[in-house]
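Inspection log for the structure reproduced underneath, given as structure tokens.
The values are calculated or read from the model by the stated rules, or taken from the named source; none is laboratory data. This one's a predicted model, so the numbers in the text were calculated from it and none came from an experiment. Cβ coordinates were reconstructed from backbone atoms using ideal geometry, including for glycine residues, and neighbour counts include every protein chain displayed. Ligands, DNA and RNA are stripped out before the accessible areas are found, and what is left, the full protein with its side chains, is counted by its heavy atoms. Shrake-Rupley method; radii C 1.70, N 1.55, O 1.52, S 1.80 Å.
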Amino acid sequence: MMNIALIGNPNTGKTSLFNNLTGSYEYVGNWSGVTVEKKVGVFKNGEDQLIDLPGVYTLNPLSKDEGVVTNFFLNEPFEKLLNILDASQLRRNLHLTLQLMEYGAPVIIGLNMLDVAKNRGIQIDIGKLSEALGVTVAPVVARSGKGCDELAELVTGDFVGMGKTNLVYYGKAIEDGILRLANMLDGRVKLPIRWLALQLFEGNSYVKDYLVKYVAIEEIESLILSVADSHFQLSGDKQTLEQVIYRKRSETIDKIVAASASRKDNKKVPLTEKVDMIVTNKFLGIPIFLLMMYFMFMLTFDWLGFPLSDALDAFLSGPVTAGITAALAAAGSSQFINDLILDGIIAGVGGVLVFVPQIFILFFFISLLEDSGYMARVALVMDRLMEAVGLNGKAFIPMMIGFGCNVPGIMAARTIETPKERLMTILLTPLMSCSARLPVYALFVGAFFIQHKALVVLSLYVLGVVVALILAKVFSKTLLKGETSLFVIELPPYRMPQARALWRSTWDKGKGFVKKAGTFIFAGSVLIWLLAYAGPEGANISMDDSYLAALGGIFAPLFAPIGFGTWQASASLFTGFLAKESIISTMNIIYYVPDEASLQGLMAVHYTPLAAYSFMVFILLYIPCLATTATIYKETGSKRWTAFSIGYALLIAYLLSLAIYQGGKLFGLS
Amino acid sequence: MLGKLKAGEKGRIMNISGADKFVRRRLLDLGIAEGSEVCVKCILPFGGPVMIESCGQCIGIRRKEALRIEVERA
Ligand SMILES: Nc1nc2c(ncn2[C@@H]2O[C@H](COP(=O)(O)OP(=O)(O)OP(=O)(O)O)[C@@H](O)[C@H]2O)c(=O)[nH]1
Ligand SMILES: [Mg+2]
């Protein structure tokens, strides 16, 4: 079995290729920095492993996702490299390729995006390119899978060359420096010395930390200084080593490109630029973004989503329940089992499944946003606002992803270069209203705000963003001061999203929700039902005497000032920590109703519209769910920040709900 | 200065050393350095970022940084 690493510049189609070669599905999107951690898959031949890595421009990292790649090269075993190049940006892509060849592992190049290059009038002679580099170059269309089988055969085959490891001559000073490092290490490291030395001279801190394990830090630093000094002595130019290395590589690349690529001038304005004139327009940029959001909410919560969910609800509570009841009767099951299945599982799991259509619509839109290339534009348009609160536009991408699910949102923060901004983004992304909170809104707006469903839900989403921005300002003025913020974003060309890719992306997000309903929510429903079924005085009692009521009752008084001091509300808030959609399944079980519609009717008895809004605001903000909390811990590596993320959310949620409920009452609302 | 160009104007980068170290590094990663030709595609309001095009790719940077990059109008 071989390990083959997939590496290349960001947004060149690595993950698309990975999906095609391994038949799996990992996250694909049209912006730089979609993949933020290493993913392993098995080739269709069932033997060799393919490892998908985050995209990098060079092996000298600036951000955490890029660090993943450097760490991989330093610490993990692999046999071959599969380097993906974007044919339309050959120059920039080859900088990485040269570094890979210096590493000296067997490498194969997959040339992707040939269609884009062709549109720009760029012609590439694959034979010449392969000859110049000394490695096999294979054309692929990673998106459609064309050429993928041939590529798979090539990389898993026996004839993979290393290419020319000494393509670039860096001048006497640097070349001597490489030899000196080799002497210092004296065969103690297994990694290729030439590569280590060049990375060190370029200022790669990961490589430096690695070398410090073998050679004293003073020696390393004096080596770097003396190489820089001798370069200046020999050539008289004042460039830093990093600049010299970059320039030497550029010179070699210019020769390679001159020999293998030609360019016809293409005067027609690309479609991408025409679209950009509108969506990043001075005046229209933000309004267009808001309009799209509004459209998305209307479709999800009003025009399309609601009727679909209602139909599903009718189906589940009608034929399905009837069918199961009949089946249970036929099997002659006991009353206990009947109750458990009908009032516990069907109510709990069914109550969540009802929202599948709405969730899929939302995910469809998020996928559309991701795959079209608009995401990076949103980051650009939002940068000014984000800068004002101490973040940068890139932080908006994790937040948008967070609308689907907070977990990948928090992961996406890895691409933010400055640690302070990254931490803030991690802490604030849970305030984005994820899809699991959607059922709660759907239930309550259906019961209380039937006229303005989408608008009320939109107000909650906006509230989440506004609270996040205000807190960002507060945090950056108090807890997380200092550090300059930086913002450079690549704006990829728009790509027409393809039906298949869109569907896969939507399904990949949505299936998590369905799966959770079948496992987590299922188990939770059983537990909740049991807690509601039994109490200190025995089983099958009135629910108000159950353990669940006792548990909820302890905390209920706390919530009275914010409008929902019932044991039912506090009990469902508890389960909401495990997964937000549990709130709904718990309510379904507690209120003991056959379907969504009657639950809504019942809600009107237990809540006033004002209390309902206060409840929704509380749900929006009060706590990151269990999976999110675990991700925050994993990404910050700090128990304190994890505890903080829970603590501040609870506080803010309570204060805001209090202000809304009490304030609303003052104004005579109810 | 790059930040002074109007939307649609083109220029060649003369000196980039005034820009922030990280910004410079990122631009270099994207193949933008002294000598690169750039074209300002659009400028966002309220002192927001600028979108520039160079060698067929579009990049957004802050106005503040663009104001530290010397260009020669073309
Ligand atoms: N036109 C065209 N688009 C492609 C091709 N291959 C992939 N894409 C698109 O390019 C975009 C980026 O694809 P990804 O597979 O996510 O790229 P990646 O290299 O994994 O990106 P990062 O994980 O961010 O480094 C997606 O929108 C793909 O649909 C291709 O051959 N032609
Ligand atoms: Mg990827």
Quick one: would you say A:Gly13 is closer than 22 Å to B:Asp29 by Cα and either open to solvent by less than 20 Å² (accessible area, probe 1.4 Å) or more than 6 Å from ligand 1 (Cβ to nearest atom) (or both)?
-> yes
Can you tell me which residue in the range A:388-433 is farthest from B:Ile43 (Cα to Cα), limited to those that are open to solvent by less than 10 Å² (accessible area, probe 1.4 Å), polar (S, T, N, Q) and in a helix (DSSP H, G or I)?
-> A:Asn406
Extreme residue, farthest from the chain's Cα centre (by Cα), among residues of the range A:634-646 that are open to solvent by less than 40 Å² (accessible area, probe 1.4 Å) and of a type in the set (Gly, Ala, Ser) = A:Ser638
Considering the range A:462-495 alone, what residues qualify as being basic (Lys, Arg) and within 14 Å of chain B (Cβ to nearest Cβ)?
-> A:Arg495
Of the conditions (1) touching a residue at least 40 places away in the same chain (Cβ under 8 Å); (2) in a helix (DSSP H, G or I); (3) more than 30 Å from the chain's Cα centre (by Cα), A:Ala659 clears all except one; give me its number.
-> (1)
Tell me which residues, restricted to the range A:1-17, are more than 9 Å from ligand 2 (Cβ to nearest atom) and assigned to a loop (DSSP other than H, G, I, E, B).
-> A:Met1, A:Met2, A:Asn9
Only strands (runs of 3 or more DSSP E) wholly contained in the range A:18-137 count here; list those with 3 or more residues that are buried (at least 22 other Cβ atoms within 10 Å of the Cβ) and within 15 Å of ligand 1 (Cβ to nearest atom).
-> A:80-86, A:107-112
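Condition check ((1) assigned to a helix (DSSP H, G or I); (2) open to solvent by less than 20 Å² (accessible area, probe 1.4 Å); (3) within 14 Å of chain B (Cβ to nearest Cβ)) across all residues:
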position	(1), (2), (3)
A:Val352	yes, yes, no
A:Pro357	yes, no, no
A:Phe365	yes, no, no
A:Leu368	yes, no, no
A:Arg377	yes, yes, yes
A:Val381	yes, yes, yes
A:Met386	yes, yes, yes
Expected single match for closer than 25 Å to A:Ala379 by Cα and away from ligand 2 (no atom under 11 Å from the Cβ) among A:Thr58, A:Thr22 is A:Thr58
Does at least one position in the range A:146-153 carry a residue that is at positive phi and more than 16 Å from ligand 1 (Cβ to nearest atom)?
-> no
Are there any helices (runs of 4 or more DSSP H) wholly within the range A:155-235 with 2 or more residues that are of a type in the set (Val, Ile, Thr) and open to solvent by less than 20 Å² (accessible area, probe 1.4 Å), and if so which?
-> A:172-185, A:217-235
Can you tell me which of B:Glu53, B:Glu72 is facing chain A (nearest Cβ under 9 Å), at pLDDT 90 or above and outside any loop (DSSP other than H, G, I, E, B)?
-> B:Glu53
When you look at B:Leu28, is it within 13 Å of A:Phe487 (Cβ to Cβ), hydrophobic (A, V, I, L, M, F, W, C) and facing another protein chain (nearest Cβ under 7 Å), yes or no?
-> no
Of the residues in the range A:243-274, those that are within 12 Å of chain B (Cβ to nearest Cβ), in a helix (DSSP H, G or I) and in contact with a Gly (Cβ under 9 Å, 6 or more places away or on another chain) come to A:Ser250, A:Thr272
Restricting attention to the range A:520-539, which residues are touching a residue at least 12 places away in the same chain (Cβ under 8 Å) and either more than 20 Å from A:Gln335 (Cβ to Cβ) or in a loop (DSSP other than H, G, I, E, B) (or both)?
-> A:Phe520, A:Ile521, A:Phe522, A:Gly524, A:Pro536
Quick check: is even one residue across the range A:314-332 more than 16 Å from ligand 1 (Cβ to nearest atom), within 14 Å of chain B (Cβ to nearest Cβ), of a type outside the set (Gly, Ala, Ser) and open to solvent by 30 Å² or more (accessible area, probe 1.4 Å)?
-> no
